[in-house]
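Trainee: Below you'll find the structure I mean.
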Amino acid sequence: MTSDRALLNVLRGERRDPPPIWLMRQAGRYLPEYRALRAEKGGFLELVNDSEAAAEITLQPIRRFGFDGAILFSDILVIPHALGQKLEFLAGEGPKLSPRLLDATLDQLSAEPEPLEPVYGTVGRVAAQLPPAATFLGFAGSPWTVATYMVAGEGSREQAEARRFAYRDPQAFGAIIAAIEAATVDYLSKQVEAGVHAVQLFDSWAGSLSPAQYEQWVIAPTARLVAALKARHPDTPIIGFPKGSGGKLPAYARETGVDAIGLDETVDPQWANAALPDDLPVQGNLDPLALIAGGDALTRATQRILDAFAGRPHIFNLGHGILPDTPIPHVEQLLAQVRGG
């Protein structure tokens, strides 16, 4: 039965008052229970690969706050790992992939699906313990964003290496995109089979592309991925989160086939409400720094979003991930306001 899952019903086009709420990166370092488990178990990747620990982390914010959605604890870079790159998370440096595809080609990698198995184990454990009213969200990185890491071997603010690669050799870059697409469809399909109710595609670096490149490397691959996943799981909603897209959001909404669209904190909610299709569910888009600020600043920012999206299906969320120094009382303040408490 799904009738009591408010978030899932909003993704299917229903308007709820108050709107359901979850927060990106809600399972993470701002929670003392997460920090304690990480200290016990080791580094980030160790937690991702430990299904029992990852399930516990996924459920921690549900127990503490009663969010309407639980987001799988994992990382978008498990796909490059499964495609044959070595994945490491180095303290103070972030994720590293090797060999980077500036120095190697896809056919030099040995794809192995084993790195994804712990994720499916996590999904099964969470699905068995999740409260009946909560919606379980799986996720993956979108092809463009994942490709930027695979090409450069690490994250970068301007994604210059991947953008140069795509201009210089669009055929080779297209092959990388296609490999990510195929692996991601299988990966998300298995998440659904293991128990998630909906999925989100994170395109964290979508905003770095010119309009023509955006059409080629964000919209077109996302549309193909969505169509392929819908062919397998037609009733599973898909949220697209193309961060930094700005004025390209209406085209993304029209052309990709996603069921809902996530808005980052730079998007004016009143503009988005007018520019996007009336019946399209939207998710977002509180500035994570407003959540850190708390008080009147948080109240005003929250109310502006609630007012803008009052007439459409809306899931309240941040415009990006919750930051590690976010005070827990401020999350409680936000929940009270959104829920009318």
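The values are calculated or read from the model by the stated rules, or taken from the named source; none is laboratory data. Just so you know, these numbers come straight off a predicted model, no measurement behind them. As a convention, Cβ positions derive from the backbone with ideal geometry for all residues, glycine included, and neighbour counts pool all protein chains shown. Accessible surface is based on the protein model in full, side chains and every heavy atom, while ligands, DNA and RNA are left aside. Shrake-Rupley method; radii C 1.70, N 1.55, O 1.52, S 1.80 Å.
Trainee: Evaluate the range 30-42: report whether one residue or more is among the hydroxyl-bearing types (Ser, Thr, Tyr) and either without any contact (Cβ under 8 Å) to a residue 60 or more places away in the chain or surrounded by 21 or more Cβ atoms within 10 Å (Cβ to Cβ) (or both).
Mentor: Keep residues of the range 30-42 that are among the hydroxyl-bearing types (Ser, Thr, Tyr), which gives 30, 34.
With either without any contact (Cβ under 8 Å) to a residue 60 or more places away in the chain or surrounded by 21 or more Cβ atoms within 10 Å (Cβ to Cβ) (or both) added as a condition, the list becomes 30, 34.
Yes; the residues of the range 30-42 include at least one that is among the hydroxyl-bearing types (Ser, Thr, Tyr) and either without any contact (Cβ under 8 Å) to a residue 60 or more places away in the chain or surrounded by 21 or more Cβ atoms within 10 Å (Cβ to Cβ) (or both).
Trainee: Now for a different question. Kindly indicate which of 297, 251 is of a type outside the set (Asp, Glu) and under 27 Å from residue 166 (Cβ atoms). Steps first, answer last, please.
Mentor: Details: 297 fails: under 27 Å from residue 166 (Cβ atoms).
That would be 251, the only listed residue that is of a type outside the set (Asp, Glu) and under 27 Å from residue 166 (Cβ atoms).
Trainee: OK, next. Among what's in the range 44-70 and is under 14 Å from residue 22 (Cβ atoms) and of a type in the set (D, E, K, R), pick the residue that is surrounded by the fewest Cβ atoms within 10 Å (Cβ to Cβ). Let's see the steps before the verdict.
Mentor: Residues of the range 44-70 that are under 14 Å from residue 22 (Cβ atoms), as a first pass: 58-70.
Adding the requirement that they be of a type in the set (D, E, K, R) leaves 63-64, 68.
Numbers: 63: 12, 64: 15, 68: 25.
So the residue we want is 63.
Trainee: Any chance you could count how many residues in the range 216-247 are without any contact (Cβ under 8 Å) to a residue 40 or more places away in the chain and either among the charged types (D, E, K, R) or out of contact with any Phe, Trp or Tyr (no Cβ under 8 Å at 6 or more places or on another chain) (or both)?
Mentor: 10
Trainee: Out of all the residues in the range 17-25, is one or more open to solvent by 50 Å² or more (accessible area, probe 1.4 Å), touching a Pro at 6+ places or on another chain (Cβ under 7 Å), basic (Lys, Arg) and part of a loop (DSSP other than H, G, I, E, B)? If you could, list the steps in order and put the result at the bottom.
Mentor: Filtering the range 17-25 down to residues open to solvent by 50 Å² or more (accessible area, probe 1.4 Å) leaves 17-18, 25.
Now restrict to residues that are touching a Pro at 6+ places or on another chain (Cβ under 7 Å): none.
So far as the range 17-25 goes, no, none of its residues is open to solvent by 50 Å² or more (accessible area, probe 1.4 Å), touching a Pro at 6+ places or on another chain (Cβ under 7 Å), basic (Lys, Arg) and part of a loop (DSSP other than H, G, I, E, B).
Trainee: Given the structure, is residue 190 open to solvent by 30 Å² or more (accessible area, probe 1.4 Å), part of a helix (DSSP H, G or I), in contact with a strand residue (DSSP E or B) (Cβ under 8 Å, 6 or more places away or on another chain) and not hydrophobic (A, V, I, L, M, F, W, C)?
Mentor: Values: open to solvent by 30 Å² or more (accessible area, probe 1.4 Å): yes; part of a helix (DSSP H, G or I): yes; in contact with a strand residue (DSSP E or B) (Cβ under 8 Å, 6 or more places away or on another chain): no; not hydrophobic (A, V, I, L, M, F, W, C): yes.
No.
Trainee: When you check residue 235 against the structure, is it in a loop (DSSP other than H, G, I, E, B) and either over 25 Å from residue 318 (Cα atoms) or of a type in the set (S, T, N, Q) (or both), yes or no?
Mentor: Numbers: in a loop (DSSP other than H, G, I, E, B): yes; either over 25 Å from residue 318 (Cα atoms) or of a type in the set (S, T, N, Q) (or both): yes.
Yes; evaluated as a whole, the condition is true for this residue.
Trainee: Identify the residue in the range 121-142 that is touching a strand residue (DSSP E or B) at 6+ places or on another chain (Cβ under 8 Å) and assigned to a loop (DSSP other than H, G, I, E, B) and, among all such residues, is surrounded by the fewest Cβ atoms within 10 Å (Cβ to Cβ). Outline the logic, then answer.
Mentor: So in the range 121-142, the residues touching a strand residue (DSSP E or B) at 6+ places or on another chain (Cβ under 8 Å) come out as 123, 126-127, 130, 134-142.
Retained after the next criterion (residues that are assigned to a loop (DSSP other than H, G, I, E, B)): 130, 134, 142.
Numbers: 130: 21, 134: 23, 142: 29.
Top of the filtered list is 130.
Trainee: Please verify whether residue 195 is more than 18 Å from residue 262 (Cα to Cα), open to solvent by 10 Å² or more (accessible area, probe 1.4 Å) and in contact (Cβ under 8 Å) with a residue 40 or more places away in the chain, treating the condition exactly as stated.
Mentor: yes
Trainee: Can you confirm whether the range 143-151 contains a residue that is surrounded by fewer than 24 Cβ atoms within 10 Å (Cβ to Cβ) and of a type in the set (Gly, Ala, Ser)?
Mentor: No, the range 143-151 contains no residue that is surrounded by fewer than 24 Cβ atoms within 10 Å (Cβ to Cβ) and of a type in the set (Gly, Ala, Ser).
Trainee: Within the range 311-341, track down each residue that is of a type in the set (Lys, Arg) and open to solvent by 40 Å² or more (accessible area, probe 1.4 Å). Give the steps one after another, and end with the answer.
Mentor: Residues of the range 311-341 that are of a type in the set (Lys, Arg), as a first pass: 312, 339.
Matches in the range 311-341: 339 only.
Trainee: Name the single residue, out of those in the range 1-15 being in a loop (DSSP other than H, G, I, E, B) and in contact with a strand residue (DSSP E or B) (Cβ under 8 Å, 6 or more places away or on another chain), that is least open to solvent (accessible area, probe 1.4 Å).
Mentor: Taking the range 1-15 as the starting set, the residues that turn out to be in a loop (DSSP other than H, G, I, E, B) are 1-5, 12-15.
Then keep just the ones that are in contact with a strand residue (DSSP E or B) (Cβ under 8 Å, 6 or more places away or on another chain); that gives 5, 15.
Numbers: 5: 38, 15: 122 Å².
Among residues in the range 1-15 that are in a loop (DSSP other than H, G, I, E, B) and in contact with a strand residue (DSSP E or B) (Cβ under 8 Å, 6 or more places away or on another chain), the one least open to solvent (accessible area, probe 1.4 Å) is 5.
Trainee: Looking only at residues in the range 283-310 that are of a type in the set (D, E, K, R) and either under 15 Å from residue 270 (Cβ atoms) or not in a helix (DSSP H, G or I) (or both), which one is most open to solvent (accessible area, probe 1.4 Å)? Talk me through it step by step, then tell me what you get.
Mentor: Pass one, the range 283-310, residues of a type in the set (D, E, K, R): 287, 296, 300, 304, 307.
Pick out the ones that are also either under 15 Å from residue 270 (Cβ atoms) or not in a helix (DSSP H, G or I) (or both) and you get 287, 300, 304, 307.
Numbers: 287: 60, 300: 155, 304: 109, 307: 101 Å².
Selected residue: 300.
Trainee: Within the range 229-277, which residues are of a type in the set (A, V, I, L, M) and buried (at least 17 other Cβ atoms within 10 Å of the Cβ)? First the steps, then the outcome.
Mentor: First pass over the range 229-277, keeping only residues of a type in the set (A, V, I, L, M): 229, 231, 238-239, 249, 251, 253, 258, 260-261, 263, 267, 272, 274-276.
Passing the criteria: 229, 238, 239, 249, 253, 258, 260, 261, 263, 267, 272, 276.
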